[in-house]
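Values in this text are rule-based calculations from the coordinates and carry no lab data. If you're wondering where the values come from, they're calculated on a predicted model, not measured in any experiment. Every residue, glycine among them, receives a Cβ derived from its backbone with ideal geometry; neighbour counts consider all protein chains shown.
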Amino acid sequence: MFFPNFKLFKKNCKKTQNYAIRFSKIITFATNLYIMKRFAFKMFLKPGCEEEYARRHAALWPELRQIIKEQGVGNYSIFWDKDTNILFAYQECEGSQTSQDAENADAVTRRWWDYMADLMEVNADNSPVTVPLREVMHLD
């Protein structure tokens, strides 16, 4: 036999393999946790609703603000184009979830969408009609 203590060698290989698998899982988790995804999208404001839209967002509910942060969404801004009434939004997200993820929306977010539905174009569930935008350039 090539290895004098084959059983010990086999045991150590198995241990090393388990450590490698665990380490790989930790690296994958850490990578997903700390990679920020940039997400830009547009929404559509109804004519004459600009001031009310701005007023409601100036008084954003604290519980909604907290939930958005807990979802890993940060650096979130919304801009209004007065010529087209299009809202342009940008946010940075940890992982794959965004603030516009209707499938995973919590009760507070859904309540906010209901509150804002009279000001914007919305889907059947009152989530805002959202058009994701493709990033064509980025500069750090």
Q: Net charge near M116: determine it from the other residues with C-beta under 12 Å of the C-beta of M116, scoring Lys and Arg +1 and Asp and Glu -1.
A: +1
Q.
I want to check the label-to-label distance for M137 and N123. Put each point 7 Å from Cα in the C-beta direction and report it in nm to one decimal.
A. 3.2
Q: Count charges around R38 for me, please; just the other residues with Cβ under 12 Å from its Cβ, Lys/Arg as +1, Asp/Glu as -1.
A: -2
Q: Obtain the nm distance between the two label points defined at I78 and R55 by a simple spin-label model: each point lies 7 Å from its Cα along the Cα-to-C-beta direction.
A: 1.5
